[in-house]
Amino acid sequence: MNCDGMMSFGDFVFPLNPSIIRIHNENRISSALTSDGITDVSLIGAKPVVISGSGCFPGNNCVAVYEKLRAKLGNAAVLYLPAQKPLFAVLKKLELVCDDTENAVSYSFEFVGCRKNNADGLRRVIFGDDESTLWDYSFRFGLNIDTLVRLNPHIRRPDLPVKGDERVNLC
């Protein structure tokens, strides 16, 4: 679960959660008409989850915030949603919606869930491996190093390897 309730994608934390978030799950189904006139339906498998929605970036730096997210278009990272399990996803689509609101920009987005070889990024707590530093974990899981340092006050130096018996909080 997302511990702080804020939506984030890699190291980008949404300053304000989107006002609308849709999570679309769908299965692939095959159907065929049998010789006795009955339709036979078979489940083939699940399609990738699609997360879409819209919101607003408020403030004097709203365009800069939008541009920071736009720079991640096409990238894959861990996506944290409010009250949902995190998932590895690709930012497929991002749209700037112009309106008359001053000091704010509206946007819409679409993420597509994808597979990642290392599923550790979907856990919120891991244990050190005697070789990786907080900087390594930051890069591996697409998380902001400042966030990792804040979440791990027991790790005094982010540039030194984390011991195997030591917890690394990703949330």
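The values are calculated or read from the model by the stated rules, or taken from the named source; none is laboratory data. Quick caveat: nothing in here was measured; it's all calculated off a predicted structure. Cβ: placed from backbone, ideal geometry, glycine included. Neighbour counts: every protein chain shown. Surface accessibility is based on the protein's heavy atoms, side chains included, excluding ligands, DNA and RNA. Shrake-Rupley method; radii C 1.70, N 1.55, O 1.52, S 1.80 Å.
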Checklist entry - For the peptides 157-170, 18-31, 71-84, what is the packing order when you average, over each peptide's residues, the other Cβ atoms within 10 Å and list the highest mean first? => result 71-84, 157-170, 18-31
Checklist entry - So, with a 1.4 angstrom probe, what is the percent of accessible area on the chain that is carbon and sulfur? => result 52 percent
Checklist entry - Tell me, what is a quarter of the convex hull surface for the C-alpha atoms of segment 131-171, in nm² with one decimal? => result 2.5 nm²
Checklist entry - Which shape class, rounded, prolate or oblate, goes with the chain when its Cα gyration tensor gives a ≥ b ≥ c as root eigenvalues, a/c under 1.5 marks rounded, and past that a/b bigger than b/c marks prolate? => result oblate
Checklist outcome for this item: the chain accessible area per residue, 1.4 Å probe, protein heavy atoms, integer Å², reads 60 Å²
Checklist entry - Could you give the dipole magnitude of the chain about its Cα centre, charging the beta-carbon of Lys and Arg +1 and that of Asp and Glu -1, in debye to the nearest 20? => result 200 debye
